[in-house]
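Trainee: Would you mind keeping the following structure in view while I ask a few things?
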Amino acid sequence: GAVACAVVGLLDEDRKWARYLGGALAGLAWIFRLSASDVTTIEAYTAPFAVAVLAAGWWHLHTKPASGTWTALTPGLVLALLPSLPEALDDPTSLRALLLALAAAISIAVGVVFRWGAPLLAGAVILSLIVLANIWPTAAALERWVLMAAAGLVLLVVGTTWEKRVAERGLEQAMK
């Protein structure tokens, strides 16, 4: 029902409300499914539906490019990436965490190649959480100043490269 609502909401512009209903139903179904103790591989239940919702989102983007990736792809990305996250965070060195990190990296790559914000952000959030879960035991043992210095260095590098790219784009546009 949730996938059908999301697909109908994506394909029929007059039924936008069905997108939100589909998302709510999927969230409730996910919560109920996770609370069932007999489910060990949640991806078996969510992956086929995630592919269907992502395909409908891609079709929506293809037919109505002005709608944006947030509307079209976010439901499928959430359904594809989020159900595996709790167990991947519980055991960040497991095969599930590795596969989820790979899916998040693919999502980031798709976002970068097509300049789509939704897959870029979804992949970045999931991958960041997995990386943090992996490094947290080591990071917790370090002195606070080491973590702050490392974070400051990362922010300095990101800010510098960002400014350089902005300046290069400005120069390119000025020369046109």
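Trainee: Do we have any residue at all in region 120-136 that's more than 18 Å from residue 50 (Cα to Cα) and in contact with a Leu (Cβ under 6 Å, 6 or more places away or on another chain)?
Mentor: yes
Trainee: All but one of (1) more than 21 Å from residue 128 (Cβ to Cβ); (2) open to solvent by 50 Å² or more (accessible area, probe 1.4 Å); (3) in a helix (DSSP H, G or I) hold for residue 41; which doesn't?
Mentor: (3)
Trainee: If we scan region 128-135, do we find a residue that is touching an Asp or Glu at 6+ places or on another chain (Cβ under 9 Å) and surrounded by 12 or more Cβ atoms within 10 Å (Cβ to Cβ)?
Mentor: For region 128-135, residues touching an Asp or Glu at 6+ places or on another chain (Cβ under 9 Å) and surrounded by 12 or more Cβ atoms within 10 Å (Cβ to Cβ): present.
Trainee: Which residue, of 97, 118, is at pLDDT 85 or above and touching a Ser or Thr at 6+ places or on another chain (Cβ under 6 Å)?
Mentor: 118
Trainee: Out of 74, 138, which single residue is among the polar types (S, T, N, Q), exposed (fewer than 12 other Cβ atoms within 10 Å of the Cβ) and either more than 23 Å from the chain's Cα centre (by Cα) or on the phi < 0 side of the Ramachandran plot (or both)?
Mentor: 138
Trainee: Hey, another quick one. Please find, among 145, 162, 136, the residue that is out of contact with any helix residue (DSSP H, G or I) (no Cβ under 9 Å at 6 or more places or on another chain), within 30 Å of residue 43 (Cα to Cα) and not aliphatic (A, V, I, L, M).
Mentor: Exactly one residue qualifies, and that residue is 136.
Trainee: Give just the number: which of (1) open to solvent by less than 60 Å² (accessible area, probe 1.4 Å); (2) touching a helix residue (DSSP H, G or I) at 6+ places or on another chain (Cβ under 6 Å) does residue 94 not satisfy?
Mentor: (2)
The values are calculated or read from the model by the stated rules, or taken from the named source; none is laboratory data. A quick note: this is a predicted structure, and the numbers were derived from the prediction, not measured. A quick note on method: Cβ atoms are made from the backbone with ideal geometry, for glycine too, and the neighbour counts reach across all protein chains shown. SASA here: full protein model, heavy atoms, side chains in, ligands and nucleic acids out. Shrake-Rupley method; radii C 1.70, N 1.55, O 1.52, S 1.80 Å.
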